[in-house]
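*Asks:* Following this message is one structure expressed as structure tokens.
The values are calculated or read from the model by the stated rules, or taken from the named source; none is laboratory data. Just so it is clear, the structure is predicted and the values come from calculations on it, not from any experiment. Neighbour counts run over all protein chains shown; Cβ positions are idealised from the backbone, glycine included. Keep in mind that these areas ignore ligands, DNA and RNA; they rest on the heavy atoms of the full protein, side chains included. Shrake-Rupley method; radii C 1.70, N 1.55, O 1.52, S 1.80 Å.
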Amino acid sequence: MSVDFSEYSKRMDKSLVHLAEEFDAVRAGRANPKVLDRITVEYYGSETQLNGVATISSPDARTLVIQPWDTSLLKEIQKAILSSELGINPQNDGKVIRLIFPQLTEERRKELTKQVKKYAEEAKVAMRNIRRDGMDYVKKLKKNSEITEDEQKKAEKDLQDMLDKFIKKVDEATAAKEKELMAI
């Protein structure tokens, strides 16, 4: 009998997807609307994502324009951007909010690289925890005599191989993001 690890594989995939979302939120010199994905504003009493109350466009490589559907939200959006970790001062002209992304300094690039490494390490820890859950499951199967000791060893090796593949994907994604950040 071989042990089914599809649940653990799916969970590791979700960690990888989450990591990609974290990386998208790290700005790399270009204006990318994804950096605003985490920003929420209060709209009719509930927290709503910015892209749910406004149109976000990028007229050039270093500018984002946020045009709320309801202009009474301008101040609220401005406040949300200021309180976020973007580090950009929004310019409100009464109709739209402009975000002008400055060129990244070497120091800021290094800070962002550290942030990327932190996100990668968090993803690896999450994946190791998933492996641990899988190992516990295998031990339980062995304890209940559902698998033999040889099957247990093989299952543990398969689980470790799966983890290694996912860790490699994390490392590749991290290297690509760091390269993007350090490019001038």
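*Asks:* For the chain, find the longest principal axis of its Cα atoms and tell me its angle to the long axis of helix 6-25, 0 to 90°, nearest 10.
*Replies:* Here the helix axis deviates by roughly 20 degrees.
*Asks:* What aspartates and glutamates sit close enough to Lys140 to cross-link, taking a C-alpha to C-alpha distance under 13 Å and skipping anything fewer than 8 places away on the same chain?
*Replies:* Of all the aspartates and glutamates, those that pass the test against Lys140 - Cα under 13 Å, at least 8 places apart if same chain - are Glu149, Glu151, Glu156.
*Asks:* Assuming R0 = 30 Å, can you tell me the calculated FRET efficiency for the pair Asn89 and Lys168, based on Cβ-Cβ distance, to the nearest 0.05?
*Replies:* Efficiency, from the Cβ-Cβ distance: 0.15.
*Asks:* For segment 96-184, what is the per residue volume of the convex hull drawn over the alpha-carbon atoms, in cubic angstrom?
*Replies:* So the per-residue hull volume is 115 Å³.
*Asks:* Just want the answer: with Cβ charges of +1 for Lys and Arg and -1 for Asp and Glu, which residue in Pro59, Ile81, Val3 is farthest toward the dipole's positive end in segment 1-96?
*Replies:* Result: Pro59, furthest along the dipole toward the positive end.
*Asks:* Enter the angle in degrees (range 0 to 90, nearest 10) between the Cα long axis of helix 106-143 and the first principal axis of the Cα atoms of the chain, meaning the one along which they spread out most.
*Replies:* For 106-143 against the chain, the angle is about 30 degrees.
*Asks:* Suppose the chain between Gln49 and Ala61 were pulled fully straight at 0.36 nm per residue; how much longer would it get relative to their current alpha carbon spacing?
*Replies:* Additional length available on full extension: 2.0 nm.
*Asks:* Per DSSP helix of 4 or more residues, -39500 (n - 2.57); summed, then divided by the residues of the chain. What does that give at 222 nm, rounded to the nearest 500?
*Replies:* Here the helix-only value at 222 nm equals -19500 deg cm²/dmol.
*Asks:* Would you list the P(r) distribution for the chain, with all Cα-Cα distances sorted into 10 Å bins from 0 and each bin expressed as a whole %?
*Replies:* The distribution over the chain is 9, 28, 23, 19, 12, 7, 2, 0, given as percents.
*Asks:* Please work out the average accessible area per residue across segment 117-169, using the 1.4 Å probe convention, and give it in Å².
*Replies:* Accessible area per residue, segment 117-169: 64 Å².
*Asks:* For Gln160 and Lys140 in the same chain, what is the full-extension length gain: residue separation times 0.36 nm, less their Cα-Cα distance, in nm?
*Replies:* Roughly 5.5 nm would be gained on extension.
*Asks:* Something else now. How long, wide and thick is segment 1-75, going by the Cα atoms along their three principal axes, in whole angstroms, largest first?
*Replies:* 63, 34, 13
*Asks:* Let me ask something else about it. Need the full-extension length gain, Asp13 to Asn129, defined as separation in residues times 0.36 nm minus the C-alpha distance. One decimal, nm.
*Replies:* 40.4 nm
*Asks:* What's the angle, to the nearest 10 degrees (0 to 90), between helix 74-83's Cα axis and the longest principal axis of the chain?
*Replies:* Roughly 50 degrees between the two axes.
*Asks:* So, one more: Just to confirm, what accessible area per residue do you get for segment 64-114 at 1.4 Å probe, in whole Å²?
*Replies:* The answer is 61 Å² per residue.
*Asks:* A follow-up question, please. Looking at segment 80-184, which trypsin sites (Lys or Arg not before Pro) are DSSP coil and have at most 16 other C-beta atoms within 10 Å of their C-beta?
*Replies:* Within segment 80-184, the qualifying trypsin sites (Lys or Arg not before Pro) (loop, at most 16 other Cβ atoms within 10 Å) are Lys95.
*Asks:* How big is the charge dipole of the chain about its Cα centre, in debye rounded to the nearest 20, if each Lys and Arg gets +1 on its Cβ and each Asp and Glu gets -1 on its Cβ?
*Replies:* So the dipole magnitude of the chain works out to roughly 360 debye.
*Asks:* Okay, moving on. Could you give the radius of gyration (one decimal) and Dmax (whole number) of the Cα atoms in segment 108-160, in Å?
*Replies:* 17.0, 56
*Asks:* Still on this model: Please report the carbon-and-sulfur percent of the accessible area for the chain; probe 1.4 Å, protein heavy atoms only, DNA, RNA and ligands left out.
*Replies:* Of all accessible area on the chain, carbon and sulfur atoms account for 50 percent.
*Asks:* Follow-up. In whole Hz, with x marking every Gly and Pro, tabulate ³J(HN,Hα) for segment 144-161 from phi via Karplus 6.51 cos²θ - 1.76 cosθ + 1.60, θ = phi - 60°.
*Replies:* 7, 6, 7, 9, 7, 5, 5, 5, 4, 4, 5, 4, 5, 5, 4, 5, 5, 4
*Asks:* I've got another one for you. Could you size up the charge dipole of segment 74-132 around its Cα centre, putting +1 on the beta carbon of Lys and Arg and -1 on that of Asp and Glu, and report it in debye to the nearest 20?
*Replies:* Taking the Cα centre of segment 74-132 as origin, the dipole is about 380 debye.
*Asks:* Once R0 is set to 45 Å, what does the formula 1/(1 + (r/R0)^6) return for the Cβ-Cβ distance between Thr148 and Glu122, expressed as a FRET efficiency to the nearest 0.05?
*Replies:* 0.80
*Asks:* Moving to a separate point now. Take the cross-link list Lys10/Lys139; Lys10/Lys79; Lys34/Lys118; Lys118/Lys169; Lys14/Lys75 and give me the ones stretching past 26 Å between alpha-carbons.
*Replies:* Cα-Cα > 26 Å for Lys10/Lys79; Lys14/Lys75; rest within.
*Asks:* In whole Hz, with x marking every Gly and Pro, tabulate ³J(HN,Hα) for segment 39-56 from phi via Karplus 6.51 cos²θ - 1.76 cosθ + 1.60, θ = phi - 60°.
*Replies:* Once rounded to whole Hz, the list reads 7, 10, 10, 7, 9, 6, x, 10, 6, 10, 4, 4, 6, x, 10, 8, 9, 10.
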